[in-house]
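We did not get these values from a lab; they are worked out from the coordinates using the rules stated. This structure is a prediction, so every number in the text was calculated from the model and none was measured. Reconstructed Cβ throughout: ideal geometry from the backbone, glycine too, with neighbour counts over all protein chains shown.
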Amino acid sequence: MDPTNWQDVTDLDLLKACVPHNEGAFAALYQRYEKRVFQYLITVVNDPILAEETLVEVMLAVWKGLNTFQGQSKVSTWIFGIAHHKAVDALRKVTSQQRSGTPLEDIVETAESGHNPMEDAQQNRMATLTNHAIAALSPDHREVIHMAFYEGLPYPEIAELLRIPVNTVKTRVYYAKQQLKKNLAQQGVTEELI
């Protein structure tokens, strides 16, 4: 495969190209997943420094485990499964000292229209309010919201990653959405604006 065309390659083909420990292919895979995995990790650990450290561990585990991918799930599911386990491990290692991380500022990206400063300001305000509302959720609810809405993973894949029943995923998403509405309402955001 021509390394200049990695962006046109499917995740599965890119992963297969990595298997003989092709550093160029892995660099492309890393770039493809770096931001998404980091955003997921910060959702779970709620600490940008710990998320960055865990990202390195995740991608190292992907590199070392290239031969273990069996193709029974999507590449993204496999990578996020590793990320989930590494995030849980990282949280276990954190001492009783409470870490104070930045709220989920990077989770919601606003569109850059550049045409209307008022619209941009409103979008930025909504992004900030949404980030605060998401940050106020329980870790379990933040995690399923991120997987379902930011990663677009279907409920069965989320259930597989978290090793919980699909109905538990559905319940968590339902209650997370209800709590998000309450959190946003407390900040003065009405349902019409959501």
How long is the gain from Asp13 to Ala61 if the chain were fully straight, where each residue apart is worth 0.36 nm and the alpha carbon distance is subtracted? 15.4 nm
Determine the gain in length on full extension of the stretch Ala27-Ile49; use 0.36 nm per residue of separation and subtract their C-alpha separation, reporting nm with one decimal. 5.7 nm
Taking the number of other C-beta atoms within 10 Å as the exposure measure, put Ser76, Ser138 in order starting with the fewest. Ser138, Ser76
What order do you get for Met59, Met147 when you list them from fewest to most C-beta neighbours inside 10 Å? Met59, Met147
Would you kindly state how much longer the chain becomes between Gln72 and His85 on full extension, computed as 0.36 nm times their sequence separation minus their alpha carbon distance, in nm to one decimal? 2.9 nm
Step through the residues of segment 72-88 one at a time and calculate ³J(HN,Hα) from phi using the Karplus curve (6.51 cos²θ - 1.76 cosθ + 1.60, θ = phi - 60°), rounding each to whole Hz and writing x for Gly and Pro. 7, 9, 6, 4, 4, 5, 4, 5, 5, x, 4, 4, 4, 5, 5, 5, 4
Cα-only Rg/Rh for segment 1-94 with Kirkwood Rh rounds to 0.98
Among 150-157, 38-45, 20-27, the order from most to least packed when residues are scored by Cβ within 10 Å on average: 38-45, 150-157, 20-27
Low-density loop cleavage sites - trypsin sites (Lys or Arg not before Pro) in segment 138-194, where at most 16 other Cβ are within 10 Å (DSSP): Arg163
Alpha-carbon centroids, segment 13-81 and segment 125-194: separation in whole Å: 23
